[in-house]
Each structure stands twice: as structure tokens, then as C-alpha cells.
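Report on the structure given below.
The values are calculated or read from the model by the stated rules, or taken from the named source; none is laboratory data. All values reported here derive from a predicted model rather than from experimental measurement. Note that we place each Cβ from the backbone using ideal geometry, even for glycine, and neighbour counts take in every protein chain shown. Calculation scope for accessible area: heavy atoms of the full protein, side chains included, ligands and nucleic acids excluded. Shrake-Rupley method; radii C 1.70, N 1.55, O 1.52, S 1.80 Å.
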Amino acid sequence: MDGISLLHLQQWWWILFSVFLFLSFLHFLTKNHEKRNSPPSPPKLPIIGNLHQLGGLAVRSLQSLSQKYGPLIILHFGHVPTLLVSSAEIAQEILKTNDVIFSNRPQSRASDAIFYGSNDIVFSPYGEYWRQVKKISVLHLLSQKRVHESHSVRNEEVEKIVEKIRSVNGGEINLSETFLSISNNVISKSAIGGVFDDEVRDGRSFGGLLRSSMDLMGEFSFKDFYPSFGWLDYVTGLVRKLKGSSEALYEFLDEVIEEHQGLNGEKSKDIVDILLHLQKEGLLDIDLTRQNIKAILMDMFVGGTDTTATAMEWIMAELLKNPTIMKKAQEEVRRVLGNKSKLTETDMNHMVYLKCIVKESLRLHPPAFIFRESSQNVKVKGYDIPAKTRVLINVWSIQRDPQVWDRPHEFIPERFGDTSKDFKGGHVEFIPFGFGRRICPGLAFAVSEVECVLANLLYWFDWELPNGERGEDLEMDEVHQLIIRKKTPLVLVPVCHFPQLPIPNN
């Protein structure tokens with residue numbers, strides 16, 4: 001036998017031996033798992049577990065599994081046991097009764113790359129560092145005071161968008177791209193003091209890098225599902241893509257931080273200024289490094305751009321499908337604003353129906369799942385849940401549960417008109433922003449932006465579908481990457497309702 005053939009034989013021997021060890025280990029895990037009082041589990045295949053049952057849209061596939069096997073089941077995504085929760089009652093036991101035990105979020109290869117080893121607010125492990133960065137966020141970065149101070153930024157960006165839409169009056173406009181642009185601009189001005197989408201790194205704009213990072217967060221990683229085979233992420237090119245995107249983003253943020261340090265507070269305070277001030281004055285119980293600052297800034301962009309844009313996209317799509325609701329909302333907005341055309345925060349408080357519309361859309365179209373991880377062994381509904389078990393709470397399914405919601409698949413904003421239910425963490429059956437300690441700290445910031453943009457679009461324009469299409473025929477399919485987006489972009493025709501009314505300067 002020649003040397004090359006012998007080498008191939010040796011390689012195949014090691015592959016077969018590795019597969020044998022892997023299957024033996026899997027059998028050992030399964031055998032140990034069966035000794036516990038575990039939740040029900042759908043039949044799984046060797047090696048891939050239940051991955052094949054996710055289907056084209058995870059939220060609907062997971063809902064089907066829960067309807068068949070129960071509201072609390074164990075799935076195996078590769079080597080990773082994952083507890084699937086599909087009822088508000090069980091979600092409350094996890095997110096409220098056992099909140100401390102389930103306060104960790106599972107980290108991933110992508111989160112480690114994009115957020116400096118998961119040193120941000122979203123992915124950092126529950127502990128003293130997380131408590132400190134959460135405190136920074138709540139008290140300094142995303143407080144009600146900061147939301148109020150950002151009102152002028154929101155108005156300024158909205159006025160630019162309104163002017164742009166007026167210029168194509170009667171033509172088509174891609175609102176999906178428009179919403180993404182305004183969300184990026186608002187968070188950019190609030191976080192780093194300016195809009196830098198024209199800045200190019202690694203052949204892409206800053207906004208392009210952010211969107212590419214979001215997409216990479218949703219890509220399949222061998223390390224996340226088969227930890228022993230994480231090296232395959234190098235083969236697939238995932239590690240290279242993550243490294244390229246994260247390094248380009250960090251290079252840009254380094255320049256932003258250095259520019260702010262050189263200004264010595266000679267401009268209005270944005271989030272970078274606040275973080276640098278806290279760092280310089282030693283006002284924290286932790287040492288805030290530049291890496292920490294960049295990870296927190298990435299949270300602001302990733303959490304405040306795509307999710308906010310997607311929320312606005314779904315709301316406008318639902319309004320097009322429900323013209324009676326659209327008309328009622330426009331009548332409210334135009335009655336409150338009259339001919340002054342400039343929206344104030346006080347005006348928003350009088351737009352009760354618009355707020356109901358936002359809530360109802362967030363109920364039908366929550367941005368994402370809630371992911372947690374158990375830090376110790378615990379019992380849930382009498383079942384044994386071992387430490388390091390991932391938890392996936394299907395918010396989409398919970399918020400469409402017919403046992404909780406009347407006519408759950410219909411868009412009915414009025415359901416929120418006579419209820420105290422809100423999305424601020426008081427009602428576990430309505431948790432689009434999460435619940436408990438890990439609830440999204442940017443909730444108020446995001447909702448204020450959504451309400452401001454929508455109120456202006458409903459005030460200034462009447463909206464139609466292109467080519468005489470009817471609203472009831474609007475395609476509403478979803479696609480699930482990191483967040484649950486509308487599958488096809490929302491392209492509409494704006495007709496200016498006040499063609500003679502000037503747009504006020506901010």
C-alpha cells in the first residue's frame with residue numbers, strides 16, 4: 001500500500017474512532033438524562049437531536065411541538081438540551097419565581113466575538129459586573145431623563161424622513177429601509193453624537209457592518225450546538241466573518257471614543273460622553289475598560305436599530321391590512337395635532353388609540369424569543385432541570401395563546417383600551433421586551449421612537465399599496481433570523497395629506 005493510501009486509511013480510522021466515542025458519549029448522556037424526572041421530549045434523531053423539527057419558521061414549528069407534547073418540553077438541539085416554554089404560567093415560574101436561577105443568558109460564538117467576550121449588558125453572566133452595567137444603563141444611559149432629552153433627536157430625524165417621503169409623493173417608497181435608516185440615525189446621534197453611515201470599514205458602511213453583525217448572530221455555529229466540534233466554524237468561514245465584522249466595528253468605535261476624549265466635554269452629552277465621564281471620575285464599583293465601553297455601545301446599536309425598525313414595519317403592515325383601524329388612528333393623530341404639525345411629548349400622551357395599536361402589534365409580532373440558562377439544578381412544575389440547561393421561551397406562542405387572549409390571531413387594538421396590561425414587566429402573558437431582571441433596559445427609548453415615527457407618518461400621509469393592490473392581500477409571512485422580521489420588504493405609496501403645510505424645523 002503506498003504512503004498516500006496509508007495516510008487516508010489512518011485518517012478514516014481516526015474519523016470512525018471519533019464517531020464511535022461521540023455516539024458512546026451521547027448514549028451516556030441520554031442514559032443519565034432518563035434517570036431524572038425530565039419533561040416530555042419529542043423523539044429525536046442521533047447527533048442532530050430535534051434540529052430537523054424546527055422547520056422553516058421556528059416560532060410556528062415550536063408552537064406545534066408544544067401543542068402536541070405540552071407547554072414544557074425538552075428539546076435537543078445537537079448536544080444542547082433546551083427547555084421549551086410555551087405558556088404564561090410556566091414562564092412566570094421561570095422568570096419570576098426562579099428568576100435568579102434563570103438570570104443567565106446562554107453565550108454564543110457570535111456574542112463573544114461581537115460583544116467583547118459577552119461583556120455587554122445583554123449577554124454578560126448574572127453577577128456583580130452585570131449588576132453594575134445594568135445600573136449604568138438604567139440610571140445614566142436609558143433613563144426617562146435620557147428618553148426626554150432625545151426627543152429633539154427623534155423629531156429632527158423624523159422631519160428629514162417626512163421631507164424625503166413628500167418628495168416622492170405618489171411614488172413608491174421602501175418603508176422597511178426607511179425604518180432601518182431612521183432607527184440607525186436616532187441611536188447613532190444619541191449614542192455617539194452623529195450619523196456615520198457613510199463611514200466605510202472593511203469595504204462596508206458602519207450601518208452595513210451593524211446589519212451584517214446582526215445577521216451573523218443568527219447564523220448556525222457548530223460551537224453553540226456541538227461544543228466539541230467548534231473547530232468546524234473555522235472550516236465554514238463563520239469565525240473569519242465574525243472576526244472581520246467585529247474588528248471593523250471596534251476600529252470605528254475606537255476612533256469615536258478617541259474623538260470624544262479629545263473634546264473634553266465641549267459638546268452635548270451623548271452616551272459615549274457619559275461612559276467616559278463615569279470612567280474618568282471613578283463613579284462605579286467596577287473598572288470600566290475601553291472594551292467594556294465598546295461592548296455596551298454595541299448593545300445600543302444592535303438592540304436599538306433592527307428591533308425598533310422591525311416593530312414599526314409590522315405596525316404599518318397591520319394598519320394596511322386593517323384600513324378601518326388605520327383611519328381611526330389617523331383621525332386621532334390629526335385631531336390631537338391639528339394644524340401645528342409639530343409633535344410634542346405631551347401630544348403623545350393624548351394618542352391613546354395609537355398606543356393601543358403599538359401594544360397590539362407587539363403582541364402579535366414580538367421581536368424575538370427569550371433565552372435563558374439555568375445556573376443550578378432546579379425543579380420546574382415538578383420536573384428536574386439540571387444546571388446549564390438552556391431555556392427558550394416562545395413569546396410568540398404565549399402572546400397568541402387562546403386560553404389567555406380572545407381571538408388571539410386577529411389584530412384588535414381595542415383589547416388594550418380597557419385593560420391595565422402593559423409590556424413593562426407586570427404581565428407575564430405580554431412580554432415582548434422580556435421580563436424580570438433581564439427585561440430590556442431600552443424599552444422606553446424604543447417605544448418613544450416607534451410612537452413618534454408612526455404618529456408623524458399617519459399625520460402627514462395617507463398610505464396605499466402599489467399597483468392597486470388591496471390591503472387584505474398584503475403578504476405577512478415571517479422570517480426568523482436573530483429577530484422575527486417580515487419576510488418581504490414593505491413597499492407603499494404615500495399620498496401627502498397636507499401638501500401646503502410646511503414641515504417645521506426642529
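Normalised by 2.2 N^0.38 Å, where N counts its residues, the alpha-carbon radius of gyration of segment 323-419 equals 1.57.
Projected onto their three principal axes, the Cα atoms of segment 213-282 cover extents of 50, 22, 16 Å, largest first.
In segment 401-488, a dipole from Cβ-located charges (positive for Lys and Arg, negative for Asp and Glu) runs towards its positive end, and of 409, 454, 425 it is 425 whose Cα lies farthest in that direction.
Most tightly packed first, judged by the mean number of other beta-carbon atoms within 10 Å of their residues, the peptides 131-144, 71-84 read 71-84, 131-144.
Provide the packing ranking of 247-253, 401-407, 173-179, i.e. peptides ordered by the mean count of other C-beta atoms within 10 Å per residue, highest first. Show your work: numbers first, answer last.
On the way: 247-253: 18.0, 401-407: 12.1, 173-179: 20.1.
Peptide ranking by packing, descending: 173-179, 247-253, 401-407.
Using only the Cα atoms, work out Rg/Rh for segment 357-506, with Rh taken as the Kirkwood radius, to two decimals. Working shown, then result.
Numbers: Rg = 19.4 Å, Rh = 18.5 Å.
Taking Rg over the Kirkwood Rh, I get 1.05.
Modelled label positions at residue 129 and residue 251, each set 7 Å beyond Cα in the direction of Cβ, lie 2.6 nm from each other.
Could you grab the relative contact order for segment 123-199? Cα pairs under 8 Å, six or more apart, rounded to a whole percent. Result for segment 123-199 is 24 percent.
Using C-alpha pairs below 8 Å separated by at least 6 residues, the relative contact order for segment 139-254 is 17 percent.
Taking every DSSP helix (H) stretch of at least 4 residues in the chain, weighting each as -39,500 (n - 2.57) and dividing the sum by the residue count yields a mean residue ellipticity at 222 nm of -15500 deg cm²/dmol. The alpha-carbon of residue 379 sits under 18 angstrom from the alpha-carbons of these aspartates and glutamates, leaving out residues fewer than 8 places away in its chain: 34, 89, 93, 99. Other residues whose C-beta falls under 14 angstrom from the C-beta of residue 169 contribute a net charge of -2, scoring Lys and Arg +1 and Asp and Glu -1. Helix 206-217 against the longest principal axis of the chain: what's the angle in degrees, Cα atoms only, rounded to the nearest 10? Orientation of helix 206-217: about 40 degrees from the principal axis.
For the chain, the longest principal axis of the C-alpha atoms and the axis of helix 306-321 are separated by about 60°.
Can you give the net charge of the other residues whose Cβ lies under 12 Å from the Cβ of residue 237, counting K and R as +1 and D and E as -1? List each step's numbers first, then the result.
On the way: positive: 240, 241, 243; negative: 219, 233.
My count for the surroundings of residue 237 gives +1.
Taking amide H atoms as placed 1.01 Å from N in the peptide plane, the amide H of residue 411 has no partner under 5 Å among residues 5 or more positions away or on other chains. Note on residue 177 and residue 419: their simple-model spin labels are 3.8 nm apart, each label 7 Å out from Cα toward Cβ. Pairs from the list 327/355; 135/294; 145/189; 134/424; 96/359 with a Cα-Cα gap above 19 Å: 96/359. Taking Cα pairs under 8 Å and at least six residues apart, what relative contact order does the chain come out at, in percent? The normalised contact order for the chain reaches 23 percent.
For the chain, pairs of C-alpha atoms spaced more than 35 angstrom apart make up 39 percent of the total.
The heavy atoms of residue 228 offer some 90 square angstrom of accessible surface to a 1.4 angstrom probe. Rounded to the nearest angstrom and listed largest first, the equivalent-ellipsoid semi-axes of segment 65-128 from its Cα gyration tensor are 26, 17, 8. Both numbers refer to the Cα atoms of segment 94-195; Rg and Dmax are 18.6, 55 Å.
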